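Written out below as structure tokens is the structure these notes cover.
Derivation of every value follows stated rules applied to the coordinates shown; laboratory data play no part. Everything numeric in this text was worked out from a predicted model, so none of it was measured. All Cβ positions, glycine included, derive from the backbone under ideal geometry; neighbour counts span all protein chains shown.
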Amino acid sequence: MAMDLGLRGKVAAVAAANDGLGYAVAHVLAEEGARVCICGRRAGVVDEAVAALRRDTGAEVSGIAVDLRTADGPQRFIDAAVAAHGGVDVLVCNAGGPRPGAFEELNDADWQGAFELTLLSAVRLIRGALPSMRSRGGGRIAAITSTSVRQPIPGLLLSNSLRAAVTGMLKTLSSELARDAILVNAVAPGRINTSRVRQIDADRAQRTGSDPQAVAADYARAIDLGRYGEAEEFARAVAFVVSWANTYQTGSVVSVDGGIVRSV
Ligand code: NAD
């Protein structure tokens with residue numbers, strides 16, 4: 001039997017989606033026939049991403065510029081999705097990554113900022129979307145996290161800490177929302193080829209007197225599949241867990257990492 005993702009006509013709000021993994025998720029969901037609302041920080045780039053998504057997929061796509069770190073940004077994004085498309089069936093929580101740094105390089109403001117960007121933005125997005133999902137008889141929530149939740153990454157203390165918090169929050173929430181037919185999962189990228197990862201490699205190359213290709217080749221050696229993932233490969237995994245083909249997977253963390261994580 002062919003697998004139909006059942007996303008046609010559903011409304012998907014994909015946060016932080018003018019670029020990178022969020023954009024790739026929005027693209028796959030739009031290709032699957034969902035109506036998609038995206039957000040990003042800057043109006044110009046959001047408008048460009050909306051135009052590109054419409055052009056490539058022919059789907060109904062809208063977007064709004066909000067800062068997900070602010071108290072009202074996440075709610076304004078959800079309100080925009082409801083205003084444009086009549087409700088929300090799917091929510092993908094995503095935001096930029098917290099800054100790198102070892103313990104003694106980080107002050108209270110860094111910790112507070114990471115809390116607001118990584119954990120509180122997801123809490124506020126979910127809080128905003130729940131009334132609509134409930135009134136529509138169910139929903140799907142996924143958060144883009146990191147393989148740092150399975151294997152902490154040296155030098156990324158804020159990510160290692162706050163994404164663990166997101167994971168605990170989602171696991172508890174998946175139990176609380178099961179009775180409302182809302183399935184909640186996390187999808188953890190390993191090393192996926194986005195502009196952010198290319199920038200991180202370029203910075204590392206500069207620090208070590210190497211070149212970005214050599215840095216990437218070094219990382220690739222640690223990945224069983226021998227290469228970085230592409231954003232679309234990651235997005236397909238997200239599309240499944242937020243689809244109506246997924247009827248029994250909730251409270252899980254799905255790694256999409258080419259085998260880089262050493263634990264089971
Ligand atoms: P990216 O930097 O390419 O994209 C981040 C997106 O978030 C952009 O669209 C940006 O406009 C938006 N954004 C950032 N801060 C925002 C804010 N305050 N309000 C609204 N929008 C905001 O990053 P990416 O590579 O696509 O990664 C997405 C997430 O996944 C990040 O949190 C990243 O740390 C995490 N991650 C990525 C990888 C990877 O391999 N790419 C691996 C592990 C974790």
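Based on alpha-carbon atoms, the Kirkwood radius and the radius of gyration of the stretch 222-264 give Rg/Rh equal to 1.03.
For the chain, the Cβ-based charge dipole about the Cα centre amounts to some 440 debye (Lys, Arg positive; Asp, Glu negative; other atoms uncharged). Of LEU162, GLN249, ALA216, which is farthest along the charge dipole of the stretch 146-264 in the positive direction, counting Lys and Arg as +1 and Asp and Glu as -1 at C-beta? Positive-end residue among those listed: LEU162.
Each of VAL197, LEU177, GLY9 was placed along the dipole of the chain (beta-carbon charges, centred on the mean Cα), and the one lying farthest toward the positive end is LEU177. Taken over the alpha carbons of the chain as equal point scatterers, the Debye sum produces base-10 log I(q)/I(0) values at 0.08, 0.09 Å⁻¹ of -0.30, -0.38. The Cα atoms of the stretch 1-102 cover 50, 32, 23 Å along the three principal axes, with the biggest extent listed first. If you find the alpha carbon centre of the stretch 139-158 and of the stretch 1-20, how far apart are they in angstrom? The stretch 139-158 and the stretch 1-20 have Cα centres separated by 21 Å.
Per residue, what volume in Å³ does the Cα convex hull of the stretch 91-240 take up?
120
Remark: the ALA83-ASP108 segment gains 5.3 nm on full extension, using 0.36 nm per residue and subtracting the alpha carbon distance.
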